[in-house]
Every structure is written in structure tokens, then in C-alpha cells.
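Take a look at the structure set out below.
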Amino acid sequence: MQSPARHIEDCLARIARHEPGIRAFVAHDPQAVRAQLAQPAAPGAPLAGMAVGIKDIIDALPYPTASGSVLHAGRQPAADAAVVAQLRAAGAVVMGKTVTTEFAFFSPGPTRNPHDRARTPGGSSSGSAAAVACGFVDAALGSQTAASITRPASYCGVVGFKPSHGSYALTGIGGLAPSFDTPGVLARDVAGAAAVHAVLAGPTPVAPVRAACPPRRIGLCRTPWWDRAEPATRQAMHLAQKAFATGAEVIDLDLAAFAEGAELQGRIMAYEAAQTLAAERLTRPDGLSPVLRDMLRAGAGIDRDQHRRNLGRARDLRRRVADLFGDLDLLLAPAAPGEAPLGLAATGDPIFSRLWSLLRLPSITLPGLTGPAGLPVGIQLLAAMDADEALLAHALWAESLLPAARRPDLSDDAARDHAGRDG
């Protein structure tokens, strides 16, 4: 078995060789990485030798936390975020800070999709997803307010786990919309996500979920936005339904009663973001991207009474979705409209996760399926609120029925082939 030190050195070598073309990290210091190895993990540490990346809205020493914004460039935290402290105490090795979109919204960073560098890796946890896909790290912290774990996981072909809202500590993490902000994990497989979850879901680590558990009944949710699903996603959903039906009952679920969910999530997010980023919006608006400025302006235009009504409608939808799980163990839904779109000026459409973020449900995106261009297309599984461990057990079962995830070609030939497109 490879020693933790040897494994970390292999990760460092991959980063040194391939990071210039991928740009998954905003800050990475090999000396700081090796300094952690000089302090061996405690005996029995559950994540001993696990290489992890930290999204750059999360404080992790010795690195600054810029949150993808020129306004926060060089901002040096005084301590690790709580989740980073938990990872280190469990033996994980922080490899650096991964790229985020500006304040974890939509304005993209420099990261390229490892499967095709002319395409977006998604957002906002773009660097975390790309770093995992490339094998730079074993797992990485991300966060989701709308679709910021699910979409990058689908586009980059990795597992993306968003726990139930409120599951992980938020201390030391830059926020956008408190009603939805949720730290989560991107990993190579479900077992890796489960191992990290077992460390972060409470003040002390517990045994991770290791046993697969077939669900009894799965609700197939094409969602009210099915007309925006591309052929790649339609095919992925069909293949997943077919695979899962070999061991569970899969029934069609009508979500027409939740059709307002996506718009409602956007309005609540805009209002809360206008509060969260009030200092930047009111004193340094020229330092914000146009897309973020527009969202904050719209949020500031929502009056307080309307926001309270929106929150009430969200609570009502959460009560309704809880009723669905009386007869269902899982929901199966699209993770993204299709393969990662061409171009780097945008991060893709978050439509297929807005409702689930509004409902605060635990979600896991599984890779293994591909579209017509040979690029990853994920599918999304969801469970009832606070049924995180059950979701992970069901995901281990589902993972075994899907094809193995395709890894990006990082050979020197592939890098040269993309050199002209990388600019």
C-alpha cells in the first residue's frame, strides 16, 4: 500500500505537470503541503493522507481568501474555517485553494474543464470539481447556493455531495444567501464523499457509510423544466432509470405543484445576497462583475414584506416535499441540462438544482454516463431532509449499477492538442 507521503508527492507531481493547463487552483504551495506531512496524523485518523482542495470562499491557512473577487484579493484570514480544522484533525492534507466564481455566483474564474479545455467546468465550485477530476486531490470542499456543487460535478464527471442544509459548520466560510448556503464535497467516488461527510457532519468524526443499501421505491423527477433538458441528459436519465429498475421500483413523479420553486429560489437568493454583500454593493460597486451587480440590484429592489411572503412559500413547498418521502426512498432527477457547454464566459444553467436547493434536501450527483461529444453527464439523487446517511448508502448501490466514471486524458499529447484552444 502506498504511504501517505508518497501519495501526496504523486498528487504534487500531477499538479506541477498539468495545473498550468487546467488552472484549478488559485493558490497552491508545495512547501506548505510538505510541512503538513512533517506532522503525522494521529493513529487511526480517518482521513490520514487524503489530499483535499479548499474552495476559495473557505478560510484555510496559510492562504488568503479572495472569494474570486478583486475586492477581497489578499484578504488573509486569522484561522482555518471550522470545516478545514476538522479535515486537518482527521489527517487530511490541504493541497491549496481551488478557484471559485466571484462570491460563488455566476461570473467565472479561469478554470478549464479537464475533459475539454474549451468548455466550462461549471460553477461556482469549478476548481474543486476540476481538481478532483484530474487527480490533483482525492476530495475537495465546495458549496452550493443554487447549483454550485451539482453542476460542476456533472460537467467534470465526479461525485458531488450536498448535505442537508445546516449539516456542516459555516464558521470561516463566505456566504451569499443564508437560506441556501451549504458546504459540500466533491470526490472521485461515493466512498470518498462518505468519508469526508463522516468527519464534517458533527463535532467529532463517526464511522462513514460503507454498506450499499438498495432503495425500495424511487421517484423519477423529470421536473417542470424538462423541456430544457438536452438529448444528453434525457438519455442519461433513461439509462439511469433502466439500471435502477433492476433492483428497485421506479415510478414517475409529477412535480407540477413545485413549478414556482426555481423562480422563488432566485428571488430569495437575490434578496439575501443584496444583504450579505451590502458593503461591496454600496461602497465598491465598480469592483463587481456586471452579472453580480445586476443580481444585487434586483435583490435590493425586493421589499421586505415580499421577501417574507417568499420565505413562507418556500416553507410550504418544503412541507409538501416531505410528504413525498412517505412512499419514496429516493428521487432521481437531472443534474444539468446536458454536457458542459462550449466557452468559458459562463458556467452553465443552474435550472435543475434551484428547486432542490430551495427545498434544502441532501443531494448527490453521480458520474458514469456520457453525451454525444463523449463528455460526462451526471444524474442527481435526492433524499428526505436529514436523511444524508441513507442517501449515501443508496448512492453506493446506484454507483455500482452505473458505468465507471470516465477520467480526463491528461497526457502530454492531449495537452498539446488543446494548446491552441487554451490561448
Looking only at the range 11-26, which residues are open to solvent by 20 Å² or more (accessible area, probe 1.4 Å), touching a strand residue (DSSP E or B) at 6+ places or on another chain (Cβ under 9 Å) and part of a helix (DSSP H, G or I)? 19
Looking only at the range 66-76, how many residues end up being at positive phi and crowded, with 19+ Cβ neighbours inside 10 Å? 2
State yes or no: is residue 31 open to solvent by 50 Å² or more (accessible area, probe 1.4 Å) and closer than 23 Å to residue 17 by Cα? yes
Candidate set: the range 267-314, residues that are out of contact with any Leu (no Cβ under 9 Å at 6 or more places or on another chain) and not in a helix (DSSP H, G or I); chosen: the one nearest to residue 105 (Cα to Cα): 289
Sole miss for residue 218 among (1) of a type in the set (A, V, I, L, M, F, W, C); (2) in contact with a helix residue (DSSP H, G or I) (Cβ under 7 Å, 6 or more places away or on another chain); (3) outside any loop (DSSP other than H, G, I, E, B); (4) more than 14 Å from residue 398 (Cβ to Cβ) is condition (4)
Pick out, from the range 318-405, the strands (runs of 3 or more DSSP E) lying fully within it that include 3 or more residues that are within 21 Å of residue 126 (Cα to Cα) and open to solvent by less than 30 Å² (accessible area, probe 1.4 Å). 363-370, 376-382
Any chance residue 79 is in contact (Cβ under 8 Å) with a residue 40 or more places away in the chain, at positive phi and touching an Asp or Glu at 6+ places or on another chain (Cβ under 9 Å): no
Tell me, yes or no, whether the range 185-205 has at least one residue that is in a loop (DSSP other than H, G, I, E, B), among the basic types (Lys, Arg) and modelled with pLDDT of 95 or more. yes
Residue satisfying condition, being aliphatic (A, V, I, L, M), modelled with pLDDT under 95 and in contact with a His (Cβ under 6 Å, 6 or more places away or on another chain), within set 410, 375, 324, 330: 410
For the range 38-65, how many residues meet the condition of being open to solvent by less than 10 Å² (accessible area, probe 1.4 Å), in contact with a Lys or Arg (Cβ under 8 Å, 6 or more places away or on another chain) and assigned to a loop (DSSP other than H, G, I, E, B)? 3
Number of positions in the range 67-109 that are assigned to a strand (DSSP E or B) and β-branched (Val, Ile, Thr): 3
Given (1) open to solvent by 40 Å² or more (accessible area, probe 1.4 Å); (2) in a loop (DSSP other than H, G, I, E, B); (3) within 30 Å of residue 50 (Cα to Cα), index of the condition residue 175 fails: (1)
The condition from (1) out of contact with any strand residue (DSSP E or B) (no Cβ under 9 Å at 6 or more places or on another chain); (2) part of a helix (DSSP H, G or I); (3) among the basic types (Lys, Arg) that residue 151 misses is numbered (1)
Just give me the residues in the range 229-265 being surrounded by 15 or more Cβ atoms within 10 Å (Cβ to Cβ) and of a type in the set (S, T, N, Q), in sequence order. 233, 235, 241, 265
Criterion violated by residue 254 - all others in (1) among the acidic types (Asp, Glu); (2) more than 29 Å from residue 320 (Cα to Cα); (3) part of a loop (DSSP other than H, G, I, E, B) satisfied: (2)
Step by step: first the residues of the range 212-228, then only those that are in contact with a Leu (Cβ under 7 Å, 6 or more places away or on another chain) and open to solvent by 30 Å² or more (accessible area, probe 1.4 Å), then the one that is nearest to residue 351 (Cα to Cα). Which residue is that? 224
Cross-chain or 6+ apart pairs with Cβ under 7 Å, the range 13-27 first and at negative phi, then open to solvent by 20 Å² or more (accessible area, probe 1.4 Å) and among the acidic types (Asp, Glu): 21/422; 25/19
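The values are calculated or read from the model by the stated rules, or taken from the named source; none is laboratory data. Since this is a predicted model, take the numbers as computed values, not measurements. No Cβ is skipped: glycine too gets one built from the backbone with ideal geometry, and neighbour counts run over all protein chains shown. Heads up: the accessible areas ignore ligands, DNA and RNA and are worked out on the full protein's heavy atoms, side chains in. Shrake-Rupley method; radii C 1.70, N 1.55, O 1.52, S 1.80 Å.
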